[in-house]
Amino acid sequence: MRFTSHRDFARAFERALRRASVPVAFSQGFTPHPKISYASAAPTGVASEAEYLEIGLQAEVDPGQLRAALDAALSPGLDVLDTVVSTGGSLADRIDASHWRIELPEVEPEVAAKAVAAFLAADEVLVDRLTKQGRRTFDARVAVLRMAVVGDQDKTDHPVGDAVSGLPSEVSSVPCAILDLVVRQVTPSVRPDDVLSGLRVMADLEPPVPPRVTRLAQGTMSAQGEIVDPLEADRAGQPSVNASLVPAGAQ
C-alpha cells in the first residue's frame with residue numbers, strides 16, 4: 001500500500017463511493033466532480049495509519065452505516081476507521097502537525113542518535129528538493145518539533161494517537177535505528193525525506209538500504225506536546241462528513 005500514489009487512492013475511493021451508493025455531492029460546471037477534500041496526503045512510498053478526508057453529501061446518512069459501507073467497498077489494505085458528522089470549518093485547518101516513524105535498517109542506533117543531535121543543535125538545515133518548478137532549497141530544521149531515536153521495545157508500546165500501536169515491521173536487518181519524528185505544517189511542507197536529507201547534510205548519515213516511513217498521526221499539537229485527533233471536535237456534530245482512513249496493508 002505504501003507504493004500507491006495519492007491519485008490511485010483517490011480513484012479507488014471514488015469507486016468505493018459508487019459501490020456503496022453514497023449520496024455524494026458534486027461540483028457545478030461542465031466537469032462535475034465529487035466533493036471530496038483530502039488533508040495532507042501522504043507521499044508515495046510512505047505508509048500511513050492516519051489519513052483524513054472530507055466528503056460533501058446530498059443527504060444525511062448515518063455515520064456508522066457509512067463507515068461500514070465504505071470499508072466493505074474499499075480494496076483490501078484500505079480500512080475506514082471512523083466517520084463523523086462535521087460541525088463546520090475546514091478539516092485542513094485542524095491539522096498543523098504530523099507524527100512519523102522512520103526505520104533505518106542497517107544503521108546503528110548510536111550513529112543515528114549522533115546525527116539527530118547534530119540536526120537538532122543546528123539553527124538551520126538547508127536541503128534541496130526537486131519540484132515541478134525546478135530544484136528548491138529550504139530549511140528543514142524549522143518544521144521539526146521533536147525527533148529522537150527509539151529502541152526496538154517501543155515498536156509495540158506506544159499510546160494510540162501519539163505513536164504506533166502494535167505496528168509490525170518487515171524490517172529484519174540488525175541493527176535498525178528507529179526515528180520518532182514530529183513535524184509541524186510549514187510552507188513549503190517538510191516531509192520525512194527532507195529530514196533524512198538534513199541528517200545527511202549535518203552528519204553524513206546515508207542509510208545503505210531505503211528507509212521505511214510510516215505516518216502515525218495527524219492533528220493539532222496540544223500544549224502538552226501531543227497530537228489531538230482532528231475529528232475529536234466532531235464526535236457529536238451535524239452537516240458534511242469527515243472520514244478517517246488507514247491503509248492497513250501498509251502495516
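So what is the 222 nm mean residue ellipticity for the chain from helices alone, if each DSSP H run of at least 4 adds -39500 (n - 2.57) and you divide by all residues, rounding to the nearest 500 deg cm²/dmol?
After summing the helix terms and dividing by the residues of the chain, the value is -6500 deg cm²/dmol.
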Helix 192-203 vs. the chain, principal-axis angle (Cα, 0 to 90°, nearest 10): 10
Per-residue HN-Hα couplings for the stretch 110-120 [Karplus 6.51, -1.76, 1.60; θ = phi - 60°; Hz; x = Gly/Pro]: 5, 5, 5, 4, 5, 5, 5, 4, 5, 4, 5
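In whole percent, how big is the carbon plus sulfur part of the accessible area of the chain, probe 1.4 Å, protein atoms only?
Roughly 50 percent, rounded to a whole number.
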Using r as the Cβ-Cβ distance of residue 148 and residue 36, and R0 as 35 Å, what FRET efficiency do you calculate, to the nearest 0.05? 0.45
Determine the per residue accessible area of the chain with all protein chains present and a 1.4 angstrom probe, expressed in square angstrom. 51
Most to least packed among 40-51, 119-130 [average Cβ atoms within 10 Å]: 40-51, 119-130
Rounding to the nearest 10 and keeping the result within 0 to 90°, find how far the Cα-based axis of helix 6-19 lies from the longest principal axis of the chain. 30
With all protein chains modelled, accessible area of residue 35 [1.4 Å, Å²]: 110
Label point distance in nm, residue 185-residue 68, each placed 7 Å from Cα along Cα→Cβ: 3.3
Multiply the residue separation of residue 120 and residue 87 by 0.36 nm, subtract the distance between their alpha-carbon atoms, and state the gained length in nm to one decimal. 8.0 nm
Residue separation between residue 136 and residue 203 times 0.36 nm, minus their alpha-carbon distance, gives in nm 22.0 nm
Distribution of pairwise C-alpha distances over the chain, 5 Å bins, in %: 1, 6, 13, 16, 18, 16, 12, 8, 6, 3, 1, 0
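The values are calculated or read from the model by the stated rules, or taken from the named source; none is laboratory data. Bear in mind that the values here come from a model prediction, so they are computed numbers and not experimental data. Here Cβ is always computed from backbone atoms with ideal geometry, including for glycine, and neighbour counts include all displayed protein chains. When the accessible area is computed, the model is the full protein with side chains, heavy atoms only, and any ligands, DNA or RNA have been set aside. Shrake-Rupley method; radii C 1.70, N 1.55, O 1.52, S 1.80 Å.
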